[in-house]
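Some notes on the structure that comes next.
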Amino acid sequence: MNKSLSKGKIAVFIALGVVALLAIATVIYMLVSRRHNAHDNELPPGALTGVAETEEKTETATGEEPLPTAAESDEIRGLFIASVGNINFPSRPNLSETQLKAELDQIVANAVRAGLNAIYLQVRPTGDALYDSSVFPTSRYLVKEEGAPLVFDPLAYFASVCRQANVSPYVWLNPYRVINTQFADKEAALAALAESNPARQHPDWCVFYGGKLFYDPALPEVRDLIVSGVGEILDRYDVDGVIYDDYFYPYPVSGEEFDDDASYYQYGNGAARDDWRRENVNELIRRTHERVKAAGEDKTFIVSPFGIWRNSSADPRGSKTRGLDSYASLYCDALAWIREGSVDVLAPQLYWERGYEIADFAELTRWWSAQADGTTVKIAPALAIYRVESFKLGAEEIIQQIQFSRAYKNNCGFLLYGYPQLAQDTGGLATKLNEFLAYSYSAGESYTGSAVKGVSFRFPRNGYTTTLSGVFVLGASDPKTPVKKNGLPVGRTKSGFFTEYMDLNYGENYLTVEQNGVTYTLRVVRISGGGGTSSAFAFQSLSPDRDEAVSVRSGASFIVTLTAPALSSVSVNFNGQTTRLSASGSGAYQTYTGVITAPRAEGTEPQKIGPLVYTCTRDGASVSASSGAVTVIPEGVWPVATATKDYAFLKTGTKTSFYDDYLNTNKGMQDELVEQRGDFYRLSFGGWINKDNVSVEDRAEPLPDGKMTAAGCRVNGDRFEVLFTVNRAVPLDVKMEGSDFRIRLFGLDSEGVTPVFAGNPLFTSIGCKADGKDTLVTLTLVHLDNFYGWDYSYTEEGILFSFAMPRTLPEGEKPLEGKTVIVDPGHGGTDTGALGFLAGLDEKNLNLTVALAVAEKLRSMGAEVIMTRTDDSTVSLYERMDLYDEIHPDFAISIHHNSVAETTDASKGRGVWGLYWAFAGRGLTVPLQESLAEALGTYSFGSKPQELAVCRNYKFPQTLLELGFICSPPEYERALRGDYAEVCADAVARGVLRYYENQGIFLEGGTPS
Ligand SMILES: [Zn+2]
């Protein structure tokens, strides 16, 4: 027999009759989408795609619009440098000019190395100055003791070094703190200050609290002092602005009162004390802002408050958090500053991980963005790089926080706190930041501009009916004006995308939002799932059914099934015998199954026996139905089936999905036929094959028992081959178990055979043992990633397995020259895939845009690229699989985007998944998945096996990549940015190169790190 790979159509296509094709293909397709969804989307079948195909058809039919390009704008990529306690700079007091310069040079160099563009140098840690001040004494953290003469001005030098490095210099001031060490009483604290310290000169301006000294925020003299300190810096130094941190009224010390009674009696004016204190802070913020703007319109005033304004439990306007309430505890009312526009930028300290239940980074990011929506105030969250080692994701957490917050309205960048972690590149932080920030995408504003008018709900559609207890909502809106729900702002991305989650009661449910005075209402109806027992008593789905031709060998067993209401008694009568069927499954209807044995039939003439009569009894009532007669193949005839096609489906049942089937079989496979049911034959080993894939010959004798006489291996060119010398072409199946490649040769005896192994780059050993009537062959892989596809054939010598070995790429501009690659944009045409927030920009559209860029990139590297579609046409999974087998490329990449289950908060979806099937795709998938997660700055799910239609061809490496969650506003926003496809394509290209580099390492006998 001649071994020929990859020719012809996929067997099932030809095999099924037209009517059967429609019916079965629909079932299989549903299974396929469901399987895909089971990991990809976790959606109930048809949940999202159904909507798209009916409701939005006219809109999606407009096809591929080019994705608009984002208007890029610079983002703040800032770094805090703390001087209090000599935390970051200076490393200790009383350093020489040379030492101070060296430290500042190093700080700026480290910031630049990490890709940052702004530094916030703390020049007033405690009512003092790290610069030449005529208001405050020289800082104890800079000179020998507070107030000692300044020998070198660090701020002047800092500003000039920053300018040379194209880094924006800012000053960081702690406004109220006077001294940061603890004392027994106020007098002792005052005595520790320099004579010239304004606090020492005006003890009545200070409050002693928790052993420390603070300026009283209530006093006009204090505000004047602080603002004059701001003014002298802006007048004398070349800095871009001023930042205050989170210290306003001091953090609470248990059992202590902040004694501002005198001020309250003098200035309280009848206001509640809490409100009055907040207003004292607000006034400082206002006056500071005025002073900053007086120094120049381009100067920026930033405040970096504690990350939680209020918790929603205390105030419905607050965030869904359970942390310290800075409004109540610190008298810090950032919403007032937003309302009044008295800050330019807020840098809330969001020092927690995404998903942290008490204070979730994602929740707080959305919340702060929503508060600033429609105002002039920008948001640049402060991120906790000092905690990088305690984060579950390490440095990746920071990258993902940057990427996530970038998508949200009014975001203008980020500030990092934790200089040592940056300087020491802890967990690769600085390196990762630099690489990530090099992808130019930054905090550009809305990409849609005014494309969206008002508010529209993409999913669910208005009037949507469901049995589920909740549903996520995908909304788009005109980004220019805030959207409000119950009067509170909704967190939106820069392009106006938002999600809501509706808990559904039975009956009508409404989501109402408002924009520009217009109200938008979404109605969702929840109906009962009808989970109880069915009142209609009937049974259905007979197998074999009424019209199905059934033949069974003399004395052989065959299976009958049907579906009937739960708690029924079901039996079948055949040939005078009654067999009780047993129930399985749950719900109102169950599956009933029984095994029937055909009677013995002598001679060579087939006998017809029947019909099969089914009876179903429940609550005293009975129904019956019958299927046709069964033909019994007599004992004197041995029908033998021989496969006539390569890559034909070998199934575990007549209606099973290929996910549950055996490995596809090849031309020449031979086995006895024991049953025919409709278009399928059951072979003696147990599997089913479509009749169009075999020829059947009636023999007078059974096939001989299968016998293996030898097994050997060899390296043949760039393939590794294993040959089993056998007396007949038995059916076989293959499975991966860990690193073991297991071949089951059905009905084959290998007693006495010891396989002869040959050294090769793929496997470490081969073994062979009996398992019942079968032989199990085990080939153990060197490494799961070191596997590149294989094929097998029935030849005159025996059963030949042939495995692709690792290969490397040539040097030069076009390393993929000579390689053929399939790029498969998932879904298309009537199959929308997961829905996005905008019609015409659903999964199928994003997949295509990215796939086209990937194809172009790989072509530029020399590959010949074939695509399963290049426009919005409908291509079935069978057509895709067909093309895969026909082309037999060097590798194939399928591009997808993900979604979550309808009953999940859509904003929780995030990250890149790599999917492969066990036989070849892992080594390709892993570097591609890693490279994409890195480039997109998103969560990395890693890679896992899943027997998807476009992953299951064992002949060459395939991968299916889920690039992101289309239901997540920030990931969707990212996907619509102009550079998205290119960033993905570049990442794929890097992943492919790494894949081949890894192969080189395997060839040398090593293991890639
Ligand atoms: Zn998909």
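The values are calculated or read from the model by the stated rules, or taken from the named source; none is laboratory data. These numbers were taken from a predicted model, which means no experiment stands behind them. Quick reminder, even Gly has a Cβ in these numbers, built from the backbone with ideal geometry, and neighbours come from all protein chains shown.
Quick look at the numbers
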{"item": "Helices (runs of 4 or more DSSP H) lying entirely in the stretch 314-417 (those with 1 or more residues that are under 29 Å from residue 110 (Cβ atoms))", "result": "361-372, 395-406"}
{"item": "Tally, over the stretch 167-213, of residues that are in contact with a helix residue (DSSP H, G or I) (Cβ under 6 Å, 6 or more places away or on another chain) and charged (D, E, K, R)", "result": "1"}
{"item": "Among (1) assigned to a helix (DSSP H, G or I); (2) out of contact with any Cys (no Cβ under 8 Å at 6 or more places or on another chain) - the single one residue 935 does not satisfy", "result": "(2)"}
{"item": "Any hit, the stretch 872-880, residues being assigned to a helix (DSSP H, G or I), over 30 Å from residue 357 (Cα atoms) and within 15 Å of the ligand (Cβ to nearest atom)", "result": "yes"}
{"item": "Every pair of residues 6+ apart whose Cβ atoms lie under 9 Å, when the first sits in the stretch 295-313 and is more than 15 Å from residue 118 (Cβ to Cβ) and hydroxyl-bearing (Ser, Thr, Tyr) while the second is part of a strand (DSSP E or B) and modelled with pLDDT of 95 or more", "result": "312/319"}
{"item": "Members of the stretch 418-442 found to be assigned to a loop (DSSP other than H, G, I, E, B), more than 21 Å from the chain's Cα centre (by Cα) and modelled with pLDDT under 95, listed by number", "result": "440"}
{"item": "Which listed residue is more than 15 Å from the ligand (Cβ to nearest atom), on the phi < 0 side of the Ramachandran plot and crowded, with 19+ Cβ neighbours inside 10 Å, from 859, 910, 869", "result": "910"}
{"item": "Sole exception among (1) at pLDDT 95 or above; (2) under 17 Å from residue 556 (Cα atoms); (3) surrounded by fewer than 22 Cβ atoms within 10 Å (Cβ to Cβ) for residue 667, by number", "result": "(2)"}
{"item": "Per-region count, the stretch 897-906, residues touching a Leu at 6+ places or on another chain (Cβ under 6 Å) and near the ligand (Cβ under 9 Å from one of its atoms)", "result": "1"}
{"item": "Checking residue 256 against (1) in a loop (DSSP other than H, G, I, E, B); (2) under 46 Å from the mean Cα position of the chain (by Cα), the condition it does not meet", "result": "(2)"}
{"item": "Tally of residues being in a strand (DSSP E or B) and more than 17 Å from residue 771 (Cα to Cα) across the stretch 690-708", "result": "7"}
{"item": "Odd one out for residue 301 among (1) farther than 30 Å from residue 366 by Cβ; (2) of a type outside the set (D, E, K, R); (3) touching a helix residue (DSSP H, G or I) at 6+ places or on another chain (Cβ under 7 Å)", "result": "(1)"}
{"item": "From 344, 333, residue being crowded, with 22+ Cβ neighbours inside 10 Å, more than 24 Å from the chain's Cα centre (by Cα) and at negative phi", "result": "333"}
{"item": "Top-ranked residue of the stretch 820-851 - restricted to ones that are away from the ligand (no atom under 15 Å from the Cβ) and more than 19 Å from residue 951 (Cβ to Cβ), ranked as modelled with the highest pLDDT", "result": "837"}
{"item": "Any chance residue 662 is of a type outside the set (D, E, K, R), modelled with pLDDT of 90 or more and over 26 Å from residue 546 (Cα atoms)", "result": "yes"}
{"item": "Residues that are within 30 Å of residue 409 (Cα to Cα) and either within 15 Å of the ligand (Cβ to nearest atom) or under 11 Å from the mean Cα position of the chain (by Cα) (or both), drawn from the stretch 943-979", "result": "961, 962, 963, 964, 965, 966, 967, 968, 971, 972, 975"}
{"item": "Among the candidates 146, 195, 221, residue that is over 52 Å from the mean Cα position of the chain (by Cα) and assigned to a helix (DSSP H, G or I)", "result": "221"}
{"item": "Selected residue (only one of 980, 954 is of a type in the set (Ser, Thr, Tyr), more than 26 Å from residue 908 (Cβ to Cβ) and in contact with a Leu (Cβ under 8 Å, 6 or more places away or on another chain))", "result": "954"}
{"item": "Enumeration of residues in the stretch 347-391 that are surrounded by 20 or more Cβ atoms within 10 Å (Cβ to Cβ) and polar (S, T, N, Q)", "result": "349, 365, 369, 371"}
{"item": "Pair list, Cβ under 6 Å, 6 or more apart: the stretch 792-817 residue without any contact (Cβ under 8 Å) to a residue 60 or more places away in the chain, other residue small (Gly, Ala, Ser) and in a loop (DSSP other than H, G, I, E, B)", "result": "814/862; 817/862"}
{"item": "Residue ranges of strands (runs of 3 or more DSSP E) in the stretch 458-555 with at least 1 members closer than 30 Å to residue 380 by Cα", "result": "470-477, 498-503, 507-515"}
{"item": "Test for residue 982: is it within 16 Å of the ligand (Cβ to nearest atom), assigned to a helix (DSSP H, G or I) and either within 23 Å of residue 810 (Cα to Cα) or among the acidic types (Asp, Glu) (or both)", "result": "no"}
{"item": "Residue check, residue 901 of a type outside the set (Ser, Thr, Tyr), more than 30 Å from residue 505 (Cα to Cα) and under 25 Å from the mean Cα position of the chain (by Cα)", "result": "no"}
{"item": "Test: residue in the stretch 881-891 that is closer than 25 Å to residue 649 by Cβ, within 15 Å of the ligand (Cβ to nearest atom) and modelled with pLDDT of 95 or more", "result": "no"}
{"item": "Members of the stretch 913-942 that are of a type in the set (S, T, N, Q), buried (at least 22 other Cβ atoms within 10 Å of the Cβ) and within 11 Å of the chain's Cα centre (by Cα)", "result": "929, 938"}
